[in-house]
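The values are calculated or read from the model by the stated rules, or taken from the named source; none is laboratory data. Just so you know, these numbers come straight off a predicted model, no measurement behind them. Methodologically, a virtual Cβ is constructed for each residue, glycine included, from the backbone with ideal geometry; neighbour enumeration extends over all protein chains shown. The protein model used for the area step is the full one, side chains on, heavy atoms only, and it has no ligands, DNA or RNA in it. Shrake-Rupley method; radii C 1.70, N 1.55, O 1.52, S 1.80 Å.
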Amino acid sequence: MVGYVQQAGVPDREKANAVVREVVLPLMSDHYDELLAITAQSFAQALNPADLHAISAFYDTPAGRALLKAQPQLAQAQVNGISQWMARLAPELQAKVAATAKAHGWTK
């Protein structure tokens, strides 16, 4: 969310963090029930009742509770890892896109 706030016009990271704390998190909290409804509907559409019950039972175990607790950390690690991976691929991807466009005659 800090990156979003920075892109929205508050480039300083500490100030963006303050905006997240003062504006973004309270707003999201006010609409949390909507998020839960969207999430529940998504799960219900993708999984059958037996699977939903099995998943629920898993989250009642120590391992399930540990996974829930680790979710924010895991999500952030994935975002960071994917960003670093894309940054490493960017030069090769850019070169290959340019070469392909040139090969097709799509460059000026």
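Please give the per residue accessible area of the chain, computed with a probe of 1.4 Å over protein heavy atoms only, in Å².
85
Given a 1.4 Å probe and heavy atoms of the protein chains only, how would you sort ILE38, ILE55, largest accessible area at the top?
Descending accessible area places them as ILE38, ILE55.
Which percent of the accessible area of the chain is formed by carbon and sulfur heavy atoms (probe 1.4 angstrom)?
62
Over 23 Å apart: what share of the alpha carbon pairs of the chain falls there, rounded to a whole percent?
When all Cα pairs of the chain are counted, 59 percent exceed 23 Å.
Considering the options VAL10, THR39, THR107, tell which one lies farthest towards the positive end of the dipole of the chain, charges being +1 on Lys and Arg and -1 on Asp and Glu at the Cβ, about the Cα centre.
With unit charges placed on the Cβ atoms, the residue in question is THR107.
Percent of Cα-Cα pairs per 10 Å bin, from 0 to the last occupied bin, for region 45-108, please list those.
Bin by bin from 0 Å, the calculated values are 18, 21, 21, 16, 16, 7, 0.
For LEU35, what accessible area in Å² do you get when you roll a 1.4 Å probe over the heavy atoms of the protein chains, rounding to the nearest 10?
90
Suppose every K and R has +1 on its Cβ and every D and E has -1 on its Cβ; what is the size of the dipole of the chain about the Cα centre, in Debye to the nearest 20?
680
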